[in-house]
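Taking it in order: structure first as structure tokens, then the write-up.
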Amino acid sequence: MPQGFHPVKSILNYIGGEFVRGNLEFADVNPADGSVIAQVSHADESIVDQAVQAARKALRGAWGRLGVRDRAQRLHKVADAIETRFDDFVQAEVADTGKPAAVASRLDVPRAAANFRAFADLIKTVGLESFYTETPDGKSALNYAVRKPLGVVGIITPWNLPLLLLTWKVAPALACGNAVVVKPSEETPATATLLAEVTAEAGIPHGVYNVVHGFGPNSAGECLTRHPDMNAITFTGESQTGAAIMKTVAASVKPVSFELGGKNAAIVFADCDFEDTVNGVAEAVFLNTGQVCLCAERVYVERAMFPRFVEALKHKAEHLRIGSPLDCATELGPLISAAHREKVLSYYRLASEEGATVVAGGGVPEFGNTLDKGFYIQPTIYTGLAESARCVKEEIFGPVCHIAPFDAEEEAVAMANDTRYGLAASIWTTNLKRGHRVAQEMNAGITWVNCWFLRDLRTPFGGMGLSGIGREGGMHSLNFYSELNNICVRL
Ligand code: NAD
Ligand code: 6OD
């Protein structure tokens, strides 16, 4: 747990092993009190180009010649270095996001190290796909496919789990032998830059990991996606942004991997373990102030249990400890920005206009201290909305859910699947047969039964519909971050 708050003062781009200042700067704001914690150097088109060229040079140098065993060893060293500088990462992440230090210490920073270890271990086990071929006209051959890096990969990430989501892509990209140019969210630039120091300490050659800071459209993000020497783009963020990026990269036919938004459902059956389910659903709704793409914003509860469940979740929401991220007891931090709070509040207002009953929250908490300058919001529960309401259909990305009753299993499945998204779902029941059956009906990239956000990094991760294109995780990541060259040798 960090002892104090030591904000970074200046956050620079990182190119070819050097920290690079841009001509313009923008402010990095602490969401807990609205204070400016750092000035961030903005990367214009020429700085983005320098980063791409540095990455290309690294591929032609030592990195391009390094074997799998050595690459894996260095990725483990990156993980070691993240663990050594654990408190620095926690402090930087907490200052940027306002998330409770307890959450960053339990989730974000350990996952960053785990991402490097998982892909370092996996890449060493990957064999070659091979076929012994006999043709009808009597020829024979040995076919085997070798894995080659894509080249320079552009990685664009959001602000909700900045280090976790960045390393989730950097680790497999480097394991496959690529060089990367990353553009973290403008809201949360610190840990990507800290990771630059760590990669250098771990012996990752200069130019393999580059960081450019800036915004999306007409800024560093778009410059990356437009760059002709970029070989692939992997992106996590809003579905609309994914659509804009897709349009930009279409001209140069680059591979893309998109992990996008969600409007995830939790289905609670009356035979669930009540206490476990209330705790699990509360976590699925409120973790990280609801700013996890996997969070449940729609909760469907079997009618027999509906009033009791609503009361229990209300109790949870009203007893979550909201406060300073640095206080060990804090469970709920602020939203990321004033603009995002305004967006979430606009949905709170809309819910009332759409006829919702406010079960809990619905507004902004008051502290009587500097936290009033932060971007806090009350955890909120609604009931009574029509399934067609915008608040039930659109991703809000805040600590909020709508709870609706259902009578039959098929009805719950139909309501849960009635969405253009398809990222995650959770099913809560002690009837395992039903758990398996309903889980298989879900149109989602991941469905949890009696748990939520329990991750195995070898499993496929991604979304259907508006929630994304492609899968990452385990071999799926390695398949995205490499190309196969099939070699056919006449015998
Ligand atoms: P966002 O789409 O606004 O921004 C994400 C990143 O894209 C930022 O770095 C931003 O600067 C950049 N960007 C924006 N416009 C761009 C453009 N035209 N070209 C290139 N880059 C551009 O998303 P956000 O607000 O940072 O994050 C919240 C969203 O991310 C939510 O919708 C959430 O569901 C989604 N998300 C999805 C996953 C997942 O795994 N599916 C994970 C986390 C977050
Ligand atoms: O756990 C992961 O690997 C992952 N990509 C989580 C995404 C969370 C979204 O906010």
Assuming R0 = 45 Å, what is the FRET efficiency of Thr84 and Asp137, from their Cβ-Cβ distance, to the nearest 0.05? 0.15
Least to most buried among Leu150, Leu165 (fewest other Cβ within 10 Å first): Leu150, Leu165
Say the dipole of the range 264-456 comes from +1 at the beta carbon of Lys and Arg and -1 at that of Asp and Glu; which of Thr380, Ile336, Val449 then lies farthest toward its positive end? Ile336
Between Ala386 and Thr459, what FRET efficiency follows from the Cβ-Cβ distance if R0 is 41 Å, with the result rounded to 0.05? 0.70
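Based on Cβ point charges of +1 for Lys and Arg and -1 for Asp and Glu, what charge dipole magnitude is obtained for the range 264-456 about its Cα centre, in debye rounded to the nearest 20?
320
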Computed label-point distance, nm, for sites Ser130 and Glu394 using a 7 Å Cα→Cβ extension: 5.7
Segment Cys451-Ala27, extension gain: residue separation times 0.36 nm, minus the distance between their alpha carbons: 148.8 nm
For the peptides 218-231, 281-294, 407-420, what is the packing order when you average, over each peptide's residues, the other Cβ atoms within 10 Å and list the highest mean first? 281-294, 218-231, 407-420
Output the DSSP H helices from the chain with an along-axis C-alpha extent of no less than 15 Å and a mean Kyte-Doolittle hydropathy no less than 1.0. 162-175
Multiply the residue gap between Arg349 and Arg308 by 0.36 nm, knock off their C-alpha separation, and tell me the result in nm, one decimal place. 12.2 nm
Along the Cα→Cβ direction, 7 angstrom out, place labels at Arg60 and Ala338. What is the inter-label distance in nm? 4.8
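Okay, helix-only estimate at 222 nm for the chain: each DSSP H run of n ≥ 4 adds -39500 (n - 2.57), divide by all residues, round to 500 deg cm²/dmol; what do you get?
One gets -11500 deg cm²/dmol as the mean residue ellipticity at 222 nm.
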Listed residues Thr125, Thr167, Leu150: farthest to the positive end of the dipole of the range 97-181 (Cβ charges): Thr167
Along the Cα→Cβ direction, 7 angstrom out, place labels at Lys247 and Val489. What is the inter-label distance in nm? 5.0
Alpha carbon centre of the range 394-421 versus the range 106-179: separation in Å? 35
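We did not get these values from a lab; they are worked out from the coordinates using the rules stated. Fair warning: this is a prediction, and the values are worked out from it, not measured in the lab. Neighbour counts are summed over all protein chains in view; Cβ atoms, including those assigned to glycine, are modelled from backbone coordinates with ideal geometry.
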